[in-house]
Amino acid sequence: MLKTIICDILTLKFNERSVHFMPTDISQLSLPDGQVITDPQTLNKYGQNKYTQEVMEAYSPLAIVEAHSYKDVQETLKYANENKIPVTPYGNGTSIVNSSAGENGGIVLDLSKLNKIIDINIPNQYAVVQAGVLNGDLDTEARKQGYFFAPDPGSKPISSVGGNIATNAGGMSSLKYGTIKQSVLETV
Ligand SMILES: Cc1cc2nc3c(=O)[nH]c(=O)nc-3n(C[C@H](O)[C@H](O)[C@H](O)COP(=O)(O)OP(=O)(O)OC[C@H]3O[C@@H](n4cnc5c(N)ncnc54)[C@H](O)[C@@H]3O)c2cc1C
């Protein structure tokens, strides 16, 4: 019985996802010059896995949007919502399955510039950070004050806290402290 179930699972096949969007004029997204990137060379960089160097075939997002503020995020989501364009957040692209590369015809919302540690509150033992802060940078700052940030994926120095939360990342210390979901008080 168990064998049959396993075989059934192994023979499951996903249907290829086909997405059709209306052609959209991305220049209508009102963000400063340089933050809406459409040049093919840069787009291709987002379709190449940072770790495996694997390149995604037929990769053609509409644009990369580099957010520098919450307002940029709001503007992008408003525009995407009005035009029915899918948006994929990008932390620092260390996902080994390229999950932040986004969809063809969609927007990749790069949050890596939202990398401020806003507050490290030692008396109450919490930190407030922007989504693009690197896990290792937060840990380094906490250690200066005698504390540490426990979630320790192998990508600690190069992956963002936002990406870590989205993937519930963890490493060896998860055995004692849990994965990152045990370290999150709130996301807004
Ligand atoms: C050398 C190496 C070692 C690794 N070791 C581990 C390990 O030990 N444990 C482990 O769990 N993983 C590990 N990983 C995988 C990877 O580092 C994690 O998945 C990491 O959490 C991804 O973070 P990122 O900032 O690079 O996110 P990205 O790769 O950019 O994005 C990952 C996913 O999160 C989403 N996302 C990113 N930011 C946000 C946001 N702000 N809001 C909502 N969604 C968001 C993206 O859309 C995407 O789906 C490793 C990877 C490498 C290259």
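A short reminder: the numbers here are calculations on the coordinates, not readings from a lab. Everything numeric in this text was worked out from a predicted model, so none of it was measured. Virtual Cβ from ideal backbone geometry, glycine too; neighbours counted across all protein chains shown.
The table that follows gives values for the structure above.
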| read-out | value |
| --- | --- |
| Vicinal HN-Hα couplings computed from phi for the stretch 102-107 (Karplus, 6.51 cos²θ - 1.76 cosθ + 1.60; Hz; Gly/Pro x) | x, 9, 4, x, x, 9 |
| The stretch 117-133 - phi-based ³J(HN,Hα) in whole Hz, Karplus 6.51/-1.76/1.60, Gly and Pro as x | 8, 7, 7, 10, 9, 5, x, 9, 6, 9, 10, 10, 9, 7, 4, x, 4 |
| Rg/Rh (Cα only; Kirkwood hydrodynamic radius) as it applies to the stretch 117-183 | 0.93 |
| Gain upon complete extension [residue 187, residue 48; 0.36 nm per residue less C-alpha separation] | 47.2 nm |
| For the chain, alpha-carbon Rg relative to the globular expectation (2.2 N^0.38 Å, N residues) | 1.18 |
| Angstrom value of the Kirkwood radius, inverse mean 1/r, which spans all Cα pairs in the stretch 21-110 | 13.2 |
| Long pairs among 50/116; 45/84; 144/176; 113/156; 78/181; 50/71, criterion Cα-Cα beyond 20 Å | 50/116; 45/84; 144/176; 78/181; 50/71 |
| CD proxy at 222 nm, helix term only [per DSSP H run n ≥ 4: -39500 (n - 2.57); per residue of the chain; nearest 500] | -7000 deg cm²/dmol |
| Antiparallel bridge percentage (DSSP; both residues within the chain; nearest 5) | 50 |
| Net length gained if the chain between residue 39 and residue 148 were fully extended (0.36 nm per residue, minus Cα distance) | 35.2 nm |
| Karplus-derived HN-Hα couplings along the stretch 175-182 (A = 6.51, B = -1.76, C = 1.60, θ = phi - 60°), whole Hz, x at Gly and Pro | 4, 9, 10, x, 7, 4, 4, 6 |
| Cβ-based exposure ranking for 27, 159, in which fewest neighbours within 10 Å come first | 27, 159 |
